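> I'd like to ask some things about the structure below.
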Amino acid sequence: PLIFFHIDLSFSSISPMFGYVHGGTNVSISLNDATSESAVTHCIFGQKPVPVITFGTGIVVCRAPTADIPGSVPLGVSADDGESFSMSPISFEYTQPATFTSIQPGHGPESGGTKVMLVGTNFISRSSAVSCLFGSNRVVCRLVSSEELICETPAMRPGRYEIKVSFNDFDLLRTYLSFVVHPRMTTHFVVPTFGTFDGGTVVKVYGTNFR
């Protein structure tokens, strides 16, 4: 006798929901049937099938292929080596990567806390998972508009740090901008320590790392 197995390949969410036209975004697909992930062999983005690269409990991960133009494409999964696909109403959106033109200010103290504005184009204004990396130090950013975002620097050792930005919590974009961290300024003593009520006393301040 023939035995037929029914596999529910529907899925309810993906993460992230967008990536860039050059491809390479690892997209996690949450299947409604948490036992069917091992049966899924391929995903399809629009008309481009790609193999599953890994899976876990109720989740499969596929790497988004390149796209010719920005826009949303339908998404589906296959359990028969890509011969047929179960399509979903959920779509994946391709966008052009952001570009960055300036940073203000470009330096700050090692104690952190400097609010840095990055200016550029094509910032994903609907994104809620924007972060900046100062070297390997990640901080959450606030998206002001499609052309501006603000990050607050963490405490870092003195030096120059390359800045990267993620708009989808996966892809990192190089900004080709950097931030310089200065050593902490310290004050030791002042001379003289008093003056007249009329003012005009010249006071010298002694310390380290003055700029």
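The values are calculated or read from the model by the stated rules, or taken from the named source; none is laboratory data. The structure presented is a predicted model; accordingly, all values stated were derived computationally and were not measured. Glycine gets a Cβ as well: all are built from the backbone with ideal geometry, and neighbour counts include every protein chain shown. Side chains are part of the model used for accessible areas, which takes the heavy atoms of the whole protein and leaves out ligands, DNA and RNA. Shrake-Rupley method; radii C 1.70, N 1.55, O 1.52, S 1.80 Å.
> In the range 1-84, what chymotrypsin sites (Phe, Trp or Tyr not before Pro) fall in a loop by DSSP, with at most 13 other Cβ atoms inside 10 Å?
Working: sites: PHE4, PHE5, PHE11, PHE18, TYR20, PHE45, PHE55; in loops: PHE4, PHE5.
Those that pass, being in a loop and sparsely packed, are PHE4, PHE5.
> Return one whole number: the accessible area per residue of the chain in Å², for a 1.4 Å probe. Kindly include the intermediate steps, with their values, before the conclusion.
On the way: 12130 Å² over 211 residues.
I get 57 Å² per residue for the chain.
> Ok, one more. Taking 1 over the mean of 1/r across every pair of different Cα atoms in the range 92-211, what Kirkwood radius in Å do you get? Walk me through the numbers on the way to the answer.
Details: mean 1/r = 0.0609 Å⁻¹.
The answer is 16.4 Å.
> Count neighbours as other Cβ atoms within 10 Å of each site's Cβ, and list the chymotrypsin sites (Phe, Trp or Tyr not before Pro) in the range 120-211 that are DSSP loop with at most 14 such neighbours. The partial results should precede the final answer.
On the way: sites: PHE123, PHE134, TYR161, PHE167, PHE170, TYR176, PHE179, PHE189, PHE194, PHE197, TYR206, PHE210; in loops: PHE123, PHE167, PHE170, PHE194, PHE197, PHE210.
Sparse-neighbourhood loop chymotrypsin sites (Phe, Trp or Tyr not before Pro): PHE194, PHE197, PHE210.
> Rounded to the nearest 0.05, what FRET efficiency do PHE189 and GLN104 have when you use their Cβ-Cβ distance and R0 = 41 Å?
Numbers: r = 34 Å, r/R0 = 0.84.
Calculated transfer efficiency: 0.75.
> Heavy atoms only, probe 1.4 Å: what % of the accessible area of the range 121-211 goes to carbon and sulfur, would you let me know?
Taking all protein chains in place, the range 121-211 shows 54 percent carbon and sulfur surface.
> Sticking with this one: Please work out how much accessible surface ILE53 shows to a 1.4 Å probe, ignoring ligands, DNA and RNA, in Å² rounded to 10.
Probe radius 1.4 Å; accessible area of ILE53 about 80 Å².
> For the range 1-62 and the range 97-158, what is the centre-to-centre distance using only Cα atoms, to the nearest Å?
Result: 33 Å between the Cα centres.
> Which distance in nm do the two modelled labels at SER86 and HIS182 give, with both placed 7 Å along the Cα-to-Cβ direction?
Here the answer is 6.0 nm between the modelled labels.
> For a distance above 32 Å, tell me the whole-number percent of Cα pairs in the chain that qualify. Display every interim value, and only then the final one.
Working: 9286 of 22155 pairs.
Value for the chain (Cα pairs over 32 Å): 42 percent.
> Near LYS115, which lysines are there with a Cα under 30 Å away, not counting those fewer than 8 places off in the same chain?
Excluding near neighbours in sequence, the set is LYS164.
> Next up: Would you kindly give the portion of the calculated P(r) for the range 135-187 that falls above 18 Å, as a percent of all Cα pairs? Spell out each step's value before the answer.
Numbers: 512 of 1378 pairs.
Percent of Cα pairs beyond 18 Å in the range 135-187: 37.
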